[in-house]
1. If each residue's Cβ is checked for other Cβ atoms within 10 Å, how do 154, 310, 208 rank with the fewest at the top?
2. Rg and Dmax of the range 165-321, Cα atoms, in Å?
3. Have a look at the range 14-160 and give its Rg and Dmax from the Cα atoms, expressed in angstrom.
4. Determine the shape class of the range 431-580: with a ≥ b ≥ c the square roots of the Cα gyration tensor eigenvalues, call it rounded for a/c under 1.5, and otherwise prolate if a/b is greater than b/c, oblate otherwise.
5. In what sequence, highest mean first, do 159-172, 179-192 appear when ranked by Cβ atoms within 10 angstrom?
6. Any idea how far apart residue 484 and residue 175 come out in nm if each label point goes 7 Å out from Cα toward Cβ?
7. How big is the range 192-270 on each of its three principal axes, counting only the C-alpha atoms and giving the largest first in Å?
8. Convex hull volume of the Cα atoms in the range 106-215, per residue, in Å³?
């Protein structure tokens, strides 16, 4: 059994922070899952019998009625699916959880294949006919969604082919993704002896707990912890590499069959972003890598080393070791949200009051943190792995930002609750930035302020520069897999090192062990191409926050309107609500200038602390 972090064993508020999933199924448990999926499948078959092959005959009222019925079906499926997936995420080793998730996915696939005809027929309608229908009254709840479906026309196959792909995905890409998730969730790290000396405990711990040791001020502890992580990654490395190889090949086949011109094209289309705009973002960030290198050189001076090693990147720059019990984190975050907007504060409070947060670190629990939107009729859920560090407070603020965004956008319904990924980080980064400002305001100690500014800058660098470097790794592996065939573990390591070396330059020395650290990143597996959206969202949110600093409370109503709009409009229209022009080629450079301003603030704090 994995050892627990000290905060989990001593903090009763943290131990009690486990979510209640029963609202998803009205307290019916697994029976509620089965009943909803059965109802959804019956409705889907009836829907198909009424509409298959006849979509072109619908008038506006008929289309509105059809979309309303689809919304009911999707809501039923969503409730069942989220119940199974969220239960699985808290204990991936429990066989009953895996079995339930598999049953749900199989039934979801049956429903999906039954309804496939609808989007295919809708995409095939002539433009004039589609626009005529979309001009009808009462379709606001689905109009933007329907327009987006038509953007996929050139990439859709026949109904028979689409059904085959949907059926096989469950035992293909879906199965490999689940295997990877289970393998990484099961990784346990044997803490080094230096961890016990530093008060971190002994024994085997979850990967997330071990990685948190890399932020400690003791360099020997960081080095030993990194070596322990590398050792823990080794046993299943070839299996994880094989899963990744298989998914890379699977995506290559999909892209070829669907006539996507390159590996990132499908993600860009889903994000409602042009290839040109995404490339402009990536190249703008790569062109400013020196911002990250400049920080790492400064950090080396603060840590008293000639050059950072990879295990030094997240190290605390002072001896300051601020800890936050879970109740204190709750108080700080809720007060910040309420001070900005009473409405946001009330929504954030519901997560605690209604047991919508699962916070403790546990064996076999999925690593990291996320917010699940659930369905519009059910309030969202947040998963954390809370270890009482200051960064965990900001993570809580981040995930609650997603949560209030989902909650406000719920009024848009199942078709428009979600934004494209490029805007999905807006509320989370904005909320995190508000809480950061409060923590900085309350901290007068020079060493502690320096630590906080350093943590904030490092989070920004990780979100903007490191995520773009990860995008470059993805680009390298997808390209190499298509051109060279199956990649060896060593080749993965070479490509990972190449993408990271481009980012760090001469500012960070990469150890040999670091070459395997790509192998626990879930985004590469389950969401190929996702990571650049973090950089997009961070720069957008920073720009909106700067406008808030300039205009004050008058921005609040427009910001809430942006969140409440969900995905009912294009990214450009959503940005315009708060005065941001996403079509401006200079937008990314302006956002990167804000990051450089954060760097200057950290440099000034380092000077003020007398450390240089």
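Every number in this text was worked out from the coordinates using simple rules, so none of it is lab data. All of these numbers come straight from a predicted model, not from anything done at the bench. Every residue, glycine as well, gets a Cβ built from its backbone with ideal geometry; the counts of neighbours run over all protein chains shown.
1. 154, 310, 208
2. Values for the range 165-321 (Cα only, Rg and Dmax): 20.7, 57 Å.
3. Cα radius of gyration and Dmax of the range 14-160 are 18.1, 58 Å respectively.
4. oblate
5. Top to bottom by mean Cβ count within 10 Å: 179-192, 159-172.
6. Result for the modelled spin labels: 2.9 nm.
7. 57, 25, 17
8. 188
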